Amino acid sequence: MSARLSLATLERVAGGVHRPRFDPRRLGVGIVHLGCGAFHRAHQAMHTQAAIEAGGGDWGIAAVSLRGEDVPSRLAPQDGLFCVLARGGDAPVATVNATLRAVIGPSRRGEAVATIARPATRVVSLTITEKGYCRDPATGALDEDHPDIRADLAAPGSPCSAPGVLVAGLAARRAAGAGGLAILSCDNLPENGGATRRVVSRLAERIDPALAAWIAAEVDFPSAMVDRIVPATTDADRAEMAARLGLRDEACVVTETFSQWVVEDRFRAGRPAWDRGGATMVADVAPFERMKLRLLNGSHSMLAYLGYLAGHETVADTIAAPGFAALVDRFWDEVVPTLTLPAGIDLAAYRTDTLARFANPHLRHRTWQIAMDGTQKLPQRLLATIRDNLAAGRPIGLATLGVAAWMRYVRGIDAQGRPIDVRDPLAVELRRHADGGPADRVGGLLGVASVFGADLPSVPTFRAGLIAWLARLEGEGAAAVVRRAAAG
């Protein structure tokens, strides 16, 4: 099969595959998105397509990749088109998405800056992962010693980092008199709008205080909560998609049927009709965000580290193994007292549905993939729960187990003596603490201040709990520890 999905072949898409209900050729760009990976394509791009179909408007997306040419090289020959295959309990649903009207690779950052500056651009959104913000995970402040930030300060007109691209784009926009807009983070950060504002404003202040003042007056930073499980696409997925489409699609994405997007409704220059495209527009995202980060993401990370150490390749394999589902349920009992639940949320149903999503056999979400970048994820997924429960005098045992599992994982050697490919921006520093006994390794890792801050290392019960769990993980193995912890 040689023909490939593109604007020229869109009419040849096989029956049973949903096509966009608008002409992509006539869709103008109103959004610049930094980070055009699989999650964005399966989530915000799908909600945006539904919004355009329901409410119209020139809300096409200029998708920018800052870190690699792989995704642009797959999308460009397809005119930005790609297919999303949603797998769940019923028959899979395939949809061609046509919202990406421009695809910009990392070698064309200047084009990204110029597109942000255009008057037609009214929203800039981001899915750059936690590490893309170049921030200290413990404090949330801009990491001014980050190599990319140092480069941006030295040459702000040729930005390296995502904050640098945003600041350069806003500077060009201000110079052009194009007016304000909204910058919408869709990453798993607490108060992600505020987190984005802090790093952008600080970098702008270092470069040009007058620009920082303009940003404070003219740019909105709404927060958002996103939720959809999107595993990495495999060759088998691409083969299945080709059979369904009748065309090759080198940029297809596989996901679950569930998708949730809660967005703070602050967009001074306008926005798509996302409320008609499946999103929930609210005045305050914080309760949704905290619930998702601590319940779903916290348990997802715990499952990733313990599941990998127990020899399970995917989350579905992990949750099906003895003790894991019960352990997650007990962990959630620790988390719930730290939450203020959004109005109308059925917590019991949320917990049941989340376990069912983890168990979805149609998604092969690898534990190794979720385990990446742990230093950037632990503070909001597990350590925030631990801090709140310590302050209230409540138990922290199972959240501490999750952190200990990460400490065991980043040692870089599994129980059989095989190397673990630890992917983390602090991997070099983590390797320095790979030797010695549990107490030595816990002490060394607790000294990584950008993860644990200055407070947690001085809490004796937390340190002792980590040492005890780490010793058990190494002595008994992860599977046995999970079975015993699940039983109480």
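Values quoted throughout were computed directly from the atomic coordinates according to the rules given, and no laboratory measurement underlies them. Please read these numbers as outputs of a predicted model, since none were measured by experiment. Note: ideal-geometry Cβ built from the backbone for every residue, glycine included; neighbour counts use all protein chains shown.
Taking the longest Cα principal axis of the chain as reference, the axis of helix 162-176 is set at about 30 degrees. Per residue, the chain reaches -13000 deg cm²/dmol at 222 nm when only DSSP H runs of four or more residues are counted, each adding -39500 (n - 2.57). Peptides 54-66, 338-350 ranked from most to least packed, by the mean per-residue count of other Cβ atoms within 10 Å: 54-66, 338-350.
To the nearest ten degrees, helix 478-487 and the longest principal axis of the Cα atoms of the chain are 80 degrees apart.
Tell me which of P379, F462, W214 sits at the most positive position along the dipole axis of the chain, charges placed on C-beta atoms (Lys, Arg +1; Asp, Glu -1). The one lying farthest along the dipole's positive direction is W214. For the chain, the dipole from Cβ point charges (+1 on Lys and Arg, -1 on Asp and Glu) about the Cα centre works out to 400 debye, to the nearest 20. Working note: Debye formula, equal point scatterers on the alpha-carbon atoms of the chain, no solvent; log10 I(q)/I(0) at q = 0.07 Å⁻¹ is -0.37.
Under the convention that each Lys and Arg Cβ holds +1 and each Asp and Glu Cβ holds -1, the size of the dipole of segment 286-487 around its Cα centre is about 20 debye. Dividing the radius of gyration of the alpha carbons in segment 410-488 by their Kirkwood radius gives 0.98 for Rg/Rh. Axis of helix 324-335 versus longest Cα principal axis of the chain: the two differ by about 90°, to the nearest ten degrees. When W261, W214 are arranged by Cβ crowding within 10 Å, least crowded first, meaning fewest neighbours, the order is W214, W261. Spatial offset of segment 363-416 relative to segment 423-470 amounts to 12 Å, using the alpha carbon center of each. Of the residues S65, A14, P24, the one whose Cα sits farthest toward the positive end of the charge dipole of segment 1-98, with +1 on the Cβ of Lys and Arg and -1 on the Cβ of Asp and Glu, is A14.
For the chain, the residue among L445, G157, L296 whose Cα projects farthest onto the positive side of the dipole built from Cβ charges is G157.
A cut-off under 12 angstrom between Cβ atoms defines the neighbours of E218, and their net charge, with Lys, Arg +1 and Asp, Glu -1, is +2.
Seen from V335, the other residues with C-beta closer than 12 Å to its C-beta sum to a net charge of +3, counting Lys and Arg as +1 and Asp and Glu as -1.
Histogrammed with a bin width of 10 Å, the alpha carbon distances of segment 286-487 distribute as 9, 38, 39, 13, 1 percent, first bin at zero.
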